[in-house]
Amino acid sequence: MEDLSLLKDGVIKGEVRSIARAISFIENNPTQAKAILKLLYPFTGKAFILGITGPPGSGKSTLVDKLTPFLRQQNKRVGIIAIDPTSPYTGGAILGDRIRMQELTADEGVYIRSMATRGSLGGLSRATDDAVAVLDAAGNDVIIIETVGVGQAEVDIVNLAHGSIVILSPELGDDIQAIKAGIIEIADILVINKIDKGGYERMEGELRLMWEQFDTDQRWKPKIVKTTAVKEQGIEELMQQIESYHQFFLHSETSKKKRLERSERRLREIIQQYTLEKVYYGNLNQQKRDEYIRKIAEREMDPYTAAEEILRGIRF
């Protein structure tokens, strides 16, 4: 078995091979992943986690590509997790985002990892939380999570990131009313990208009108930044808004509240995972599971009674 203490030391030093190895454990080897994450946890909690989400084609990857050099100019180490669709052949990530960010890979202060959704809803991979912990322990100052781009379901990013940027584009013909109940409300900064195509004024007006209906008691008011990322137009202003939000986050109750909420959510998820592994896979053999499934499918037993019967007598 690999010496995980050496792997931990490599991650903390920011060694690329060690970081890649640790994240590969997270994606493919749950036993090793749990062990390395336990060792790394005391070294986490320092990075600013920035989520970037929005509909497909809005320009998320281009914006990340143009934003990162500005962060590097401030001498910040940047970790990027690009959530990609799952390959139907390998089960791995289709590396579209990483291919588009090739120029960044030459910078030793930037680490990019594509991760597959593997069927996870909400625009995030199930392993994203743990991968963030690895990049955090590796000394990255800013960790950017770019979601897969599935539209309204992408609200999961708000549970993981300290701040969320939502990107829209007028040329997509986005129906603001159709998506307002989803990703619009999670925005700490909202970007209208590709303004060189025209038609952004109407979208900006609709967004401002919508925000008047939202909770006005929040101290931080979401800002709208207009960009054409491919031409680096508006990126400097976006950087200023990110820094303003970061300072607000650090010096407000929002920071403490998000840390507590994230810790509670993560604990609940891990307990659910452990419980499933112990009860469903540990206490039930394949024959027993198949029998319960057959009875439920043939309406000989309802699933609630089956679950109660399985749980009865289980000792944790």
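Rule-based calculations on the coordinates, nothing more; no lab input. All of these numbers come straight from a predicted model, not from anything done at the bench. Cβ sites come from the backbone with ideal geometry, for glycine too, and all protein chains shown count toward neighbours.
Of note:
- Cα convex hull volume per residue for region 249-316 (Å³): 119 Å³
- Residue-span extension gain [Glu291 to Tyr304] - 0.36 nm each, minus C-alpha spacing: 3.2 nm
- Each residue of region 234-249 is assigned a 3J(HN,Hα), and the resulting list reads x, 5, 5, 5, 4, 4, 5, 5, 4, 5, 4, 5, 4, 5, 4, 4 Hz, derived from the Karplus form 6.51 cos²θ - 1.76 cosθ + 1.60 (θ = phi - 60°), x at Gly and Pro.
- Approximating the spin labels as points 7 Å out from Cα along Cα→Cβ, the Arg262-to-Glu243 distance works out to 2.2 nm.
- For peptides 249-262, 132-145, sequence by mean Cβ density within 10 Å, most packed first: 132-145, 249-262
- Less than 5 angstrom separates the built amide H of Ile167 from those of Thr53, Gly54, Val191, all sequence-distant by 5 or more or on a different chain.
- Amide H contacts under 5 Å for Met115: Ala82, Ile83, Asp84, restricted to partners 5 or more places along the chain or on a different chain, H placed in the peptide plane at 1.01 Å from N.
- Cβ crowding within 10 Å, taken as a proxy for footprinting-reagent exposure, orders Phe70, Phe248 from fewest neighbours to most as Phe248, Phe70.
- Taking amide H as placed 1.01 Å from N in the peptide plane, Met301 has its amide H under 5 Å from the amide H of Ile296, each at least 5 places away in sequence or on another chain.
- Taking all Cα-Cα distances within region 1-43, those exceeding 11 Å account for 60%.
- Protection proxy ranking, peptides 265-273, 42-50, average beta carbon neighbours within 10 Å, highest first: 42-50, 265-273
- Dipole-positive endmost among Ile52, Ala20, Gly10 within region 1-54 (Cβ charges, Cα centre): Ile52
- Label point 7 Å beyond Cα of Val279 along Cβ direction - residues of region 286-313 with amide nitrogen under 14 Å: 303-313
- Among the listed pairs Lys46/Lys226; Lys60/Lys226; Lys13/Lys278; Lys76/Lys258, a Cα-Cα separation exceeding 25 Å is found for Lys46/Lys226; Lys13/Lys278.
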